[in-house]
Ligand SMILES: Nc1ncnc2c1ncn2[C@@H]1O[C@H](COP(=O)(O)OP(=O)(O)OP(=O)(O)O)[C@@H](O)[C@H]1O
Ligand SMILES: [Mg+2]
């Protein structure tokens, strides 16, 4: 499903060069639930962003669904992210000025859809994460766990084949974290969604199919 | 997408209210300036309606001891003949102090069939039209046949004719409270107050013997190229005839310059003030949009992550600004349209409507310029970078 080949990422600022990733090669199968662990600053987010086409690698090749992604235009990349990928972030990244339902509908705005379809799909996604009773709330009126569930609903509303989650439980206590983890596991099991998750929590990682450890930008396991 | 933008704008109504108010105020200022500019320009485009080059004005005051009307008349007719006999002089006319291009005004209310107007009253004589080369629209100017008639003959200008009679002909009509004024002709409009001021309504009466001592101006049209030497000769000739009178000779060309300046100064001052205001508003708009966009970097990153192209992000931000502009322009137009509806300053409705259209376009362009750069800047943000910051 996702194939990384010899990925290298160098961040250049005026004064320093940071080698965030070096020669990472990774094959992720369809339907796999993969977790990535490693100490802070080792390049986990960078790797996930590159997989999600949010950032370009300095060197190397990324194939998603057997399709080369280097040299895609801005418009093609946007389409790709919209149709194939769903993102979940540690800090949720909800739009505070939009109600829960509008937040979840957001990805559908960037593909051709009617207002009715959008509402229907968003309502369904919210039902899957157990938030049917919060559609008219604003994000500020929700708890952290609820916010993250809204973010999951937003990630799955477009029925993407891949979900990339960067420390989705990082801001939550273990009970809430487990709830989120259960939703992801359920998603992986019933819909066959491929999930790549960055985590600091060994217990979470143990529940996934495979664990990749990074250290200083390199894969160690 | 539009519905989405409206939802977003509506949910942020508090922040947006300030921006809309700012746009509304700048719209009203711009509207005021454009109204003045359009009005001045429309007046400027109209023909002057008179020949002012080579026309001089003699200011004098009556110093005759006699009050006998016939001897007064005889004296001034004699003076006219003396001036007219000079080779450089073409035509000579007596007139009241509201000559072309002065601030002097003499107005009098007048009612006609339920209409009330306030025309300028000008006293003149048979030669006045020729001195200034005014064109007749209908009827005729004063002549010898106006002696000893029962109704007082008057000539009016086109503006006054339209105000009273619309498209009808005015010649032969009787006006005035006791129907004692008979219109014998209508002249083309003359911009008596300079290039930038509209003609207004004018009514010309013939100077009669009893009012002659109160007249204080002589208009003299001279042949082109007449020089200062002749001017001093003219001065001496008049001074010799009118002992003890304060005589002063002016040129209409100079008076036109002065009165044009007078009309333009308020417009220039207002434009400068408006210019500063607009710069202020532009910077304010730019600042607010810039601030908004920087505050929304994480939103921008998120939108990019879920499928927005950089183009659609900048289009969204620019559209939001333009929607806000549209809201304030709707409110602003509602205020602006009251001016022609209530006829606040007695300007033609066309002036207001042109100014309204220009102001709308102006504000849209201003908002577009102010939002385009921040919008493009926002679109250039890398999604990963925007999401990283929190
Ligand atoms: N935009 C950037 N510019 C320069 N350096 C960067 C940038 N983003 C990340 N880095 C550097 O790249 C390295 C990897 O960062 P990354 O965010 O991937 O770490 P991480 O493993 O996700 O850490 P954490 O667990 O704290 O989230 C770090 O040394 C970081 O300083
Ligand atoms: Mg990270």
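Laboratory data are not the source of any read-out in this text; all were calculated from the coordinates shown. The model shown is predicted, which means the values in this text are computed figures rather than measured ones. Methodologically, a virtual Cβ is constructed for each residue, glycine included, from the backbone with ideal geometry; neighbour enumeration extends over all protein chains shown.
Using only C-alpha atoms and all pairs of different ones, pull out the Kirkwood radius for the protein assembly as shown in Å with one decimal. Mind showing how you got there, number by number?
Details: mean 1/r = 0.0319 Å⁻¹.
Kirkwood radius, the protein assembly as shown: 31.4 Å.
Note the angle between two axes, namely the Cα long axis of helix A:100-109 and the longest principal axis of the Cα atoms of chain A, as a number of degrees from 0 to 90, rounded to the nearest 10.
For A:100-109 against chain A, the angle is about 60 degrees.
Give me the inter-chain shielding for B:306-316: mean count of other chain Cβ atoms within 10 Å, whole number please.
Details: counts 17, 16, 7, 10, 4, 3, 5, 1, 0, 0, 1.
The shielding value for this peptide is 6.
The stretch B:61-246: D in µm²/s via Stokes-Einstein (Kirkwood Rh, Cα pairs, 20 °C, 1.002 mPa s)?
Working: Rh = 17.8 Å.
The estimated diffusion coefficient comes to 121 µm²/s.
Set the Förster distance to 56 Å, then compute FRET efficiency between residue A:220 and residue B:44 from the Cβ-Cβ distance, nearest 0.05. Before the final figure, lay out the partial values.
Details: r = 83 Å, r/R0 = 1.47.
With a Förster radius of 56 Å, E is 0.10.
Listed highest first by mean packing, meaning other Cβ atoms within 10 Å per residue, what order do A:45-55, B:315-325 come in?
Top of the packing list down: A:45-55, B:315-325.
Running Debye on the stretch A:69-180 with equal point scatterers at the Cα sites and no solvent, what base-10 log of I(q)/I(0) appears at q = 0.11, 0.14, 0.24 Å⁻¹?
-0.34, -0.54, -1.38
Quick one: if the Förster radius is 60 Å, what FRET efficiency do residue B:254 and residue B:376 give, using the C-beta to C-beta distance and rounding to 0.05? Don't skip to the end; give the middle numbers.
Details: r = 54 Å, r/R0 = 0.90.
The calculated FRET efficiency here is 0.65.
Would you mind giving the mean number of other chain beta-carbons within 10 Å of the Cβ of each residue in A:149-160, as a whole number? Please list the in-between numbers first.
Details: counts 0, 0, 1, 0, 0, 2, 2, 0, 1, 2, 0, 1.
Average neighbour count from other chains, rounded to a whole number: 1.
Could you grab the relative contact order for the stretch B:1-124? Cα pairs under 8 Å, six or more apart, rounded to a whole percent.
On the way: 45 pairs, mean separation 13.2, N = 124.
In percent, rounded to a whole number, it is 11.
How long is the gain from residue B:272 to residue B:51 if the chain were fully straight, where each residue apart is worth 0.36 nm and the alpha carbon distance is subtracted? Before the final figure, lay out the partial values.
Numbers: separation 221, 0.36 × 221 = 79.56 nm, distance 3.33 nm.
That works out to 76.2 nm of additional length.
Tell me the angle of helix A:115-128 to the major Cα principal axis of chain A, expressed in degrees between 0 and 90 and rounded to the nearest ten.
80
Measuring from centroid to centroid over Cα atoms, what is the spacing of the stretch A:105-159 and the stretch B:190-237 in Å?
83
With a point put 7 Å past each Cα toward its Cβ, work out how far residue B:279 is from residue A:79 in nm, to one decimal.
The answer from the label model is 4.8 nm.
Give me Rg/Rg_expected for the stretch B:291-390, where Rg uses Cα atoms only and Rg_expected = 2.2 N^0.38 Å with N residues.
Working: Rg = 19.0 Å, N = 100, 2.2 N^0.38 = 12.7 Å.
For the stretch B:291-390, the normalised Cα radius of gyration comes out at 1.50.
What do you get for Rg/Rh over the stretch B:317-359 if you use C-alpha atoms and the Kirkwood form of Rh? Numbers along the way, then the final one.
Values: Rg = 12.6 Å, Rh = 11.3 Å.
A ratio of 1.12.
Given the stretch B:61-246, what percent of its DSSP beta bridges are antiparallel, to the nearest 5? Can you show the working numbers first?
Working: 18 of 29 bridges.
Expressed as a percentage, antiparallel bridges in the stretch B:61-246 total about 60.
If I model a spin label at residue B:344 and residue B:361 as a point 7 Å from the Cα along the Cα→Cβ vector, what separation in nanometres do I get?
2.3
Determine Rg/Rh for chain B; Rg is computed over alpha-carbon atoms and Rh is the Kirkwood hydrodynamic estimate from the same atoms.
Numbers: Rg = 31.1 Å, Rh = 25.7 Å.
Reported Rg/Rh (Cα atoms, Kirkwood Rh): 1.21.
Which of the peptides B:95-101, B:37-43, A:149-155 is most tightly packed, and how do the rest follow, going by the mean number of other Cβ atoms within 10 Å of each residue?
Numbers: B:95-101: 21.3, B:37-43: 18.1, A:149-155: 27.0.
Taking the mean over residues of other Cβ atoms within 10 Å, the ranking is A:149-155, B:95-101, B:37-43.
For the stretch B:227-331, compute Rg over Rh where Rg is the Cα radius of gyration and Rh is the Kirkwood radius from the inverse mean 1/r over Cα pairs.
Numbers: Rg = 31.6 Å, Rh = 20.3 Å.
A ratio of 1.56.
Sticking to Cα atoms, compute the Rg of the stretch B:124-209 to one decimal and its Dmax as the biggest Cα-Cα distance, whole number, in Å.
12.7, 40
Just to verify a number: FRET efficiency for residue B:180 and residue B:25, C-beta to C-beta distance, R0 = 56 Å, to 0.05? Walk me through the numbers before you get to the answer.
Details: r = 53 Å, r/R0 = 0.94.
E(calc), rounded to 0.05, equals 0.60.
Report the gain in length on full extension from residue B:73 to residue B:322: 0.36 nm times residue separation, minus Cα-Cα distance, nm rounded to one decimal. Write out the running numbers ahead of the final one.
On the way: separation 249, 0.36 × 249 = 89.64 nm, distance 7.15 nm.
Taking residue B:73 through residue B:322 to full extension adds about 82.5 nm, to one decimal.
Is there a simple number for the mean count of other chain Cβ atoms within 10 Å of the Cβ of residues in B:297-305, and what is it? It would help to have the intermediate numbers written out before the result.
Values: counts 0, 7, 7, 0, 3, 10, 7, 6, 15.
Taking all residues of B:297-305 together, the mean is 6.
Taking the inverse of the average 1/r across all pairs of different Cα atoms in the stretch A:2-219, what Kirkwood radius in Å do you get? Write out the running numbers ahead of the final one.
Details: mean 1/r = 0.0561 Å⁻¹.
It works out to 17.8 Å.
What is the angle, in °, between the Cα long axis of helix A:144-156 and the longest principal axis of the Cα atoms in chain A? Nearest 10 is fine, range 0 to 90.
80
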